[in-house]
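All remarks here apply to the structure that follows.
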Amino acid sequence: YRRRAPVERRISEIEEELPRLEREAREADLLLADPNHYSDPALVMETIERKRSLGERMSLLTGEWEELYAKLGGIRSEFEEQKGEIAV
């Protein structure tokens with residue numbers, strides 16, 4: 001449990017953060033699809049930078065989530081092996 005809990009907690013944090021980032025990225029896409037948005041070049045550049053930043057963050061979190069999920073699988077397998085050894 002001691003090894004599993006922090007991994008599960010971080011997975012949960014990532015699973016909460018990713019949908020928020022995806023929603024923000026969709027909002028940026030909608031702004032960039034709106035012709036009226038282009039009346040302010042500085043705002044367009046800010047939106048493009050925000051979209052890029054969100055994409056990078058989502059990519060990093062997705063990679064971290066995959067690594068943690070694999071680690072959690074290893075911890076669970078190890079636990080099952082130890083549990084089996086104790087039962088024998």
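Any read-out appearing in this document is the output of simple, stated calculations on the displayed coordinates, not a laboratory observation. It should be emphasised that the depicted structure is a prediction, and the values quoted were computed from it without experimental measurement. For neighbour counting, all protein chains shown are included, and Cβ atoms are generated from backbone atoms with ideal geometry for every residue, glycine included.
For the reader, a short list of remarks on this structure follows.
- Consider the range 53-66 and keep the residues that are surrounded by 12 or more Cβ atoms within 10 Å (Cβ to Cβ) and without any contact (Cβ under 8 Å) to a residue 40 or more places away in the chain. The one that is nearest to Arg10 (Cα to Cα) is Arg57.
- Only listed residue being touching an Asp or Glu at 6+ places or on another chain (Cβ under 6 Å), assigned to a helix (DSSP H, G or I) and over 30 Å from Gln82 (Cα atoms), chosen from Leu54, Leu18: Leu54
- The condition (being assigned to a helix (DSSP H, G or I), under 23 Å from the mean Cα position of the chain (by Cα) and of a type outside the set (Lys, Arg)) is satisfied by just one residue among Leu43, Leu30: Leu30.
- Test: residue in the range 78-87 that is closer than 21 Å to Arg2 by Cβ and surrounded by 14 or more Cβ atoms within 10 Å (Cβ to Cβ): no
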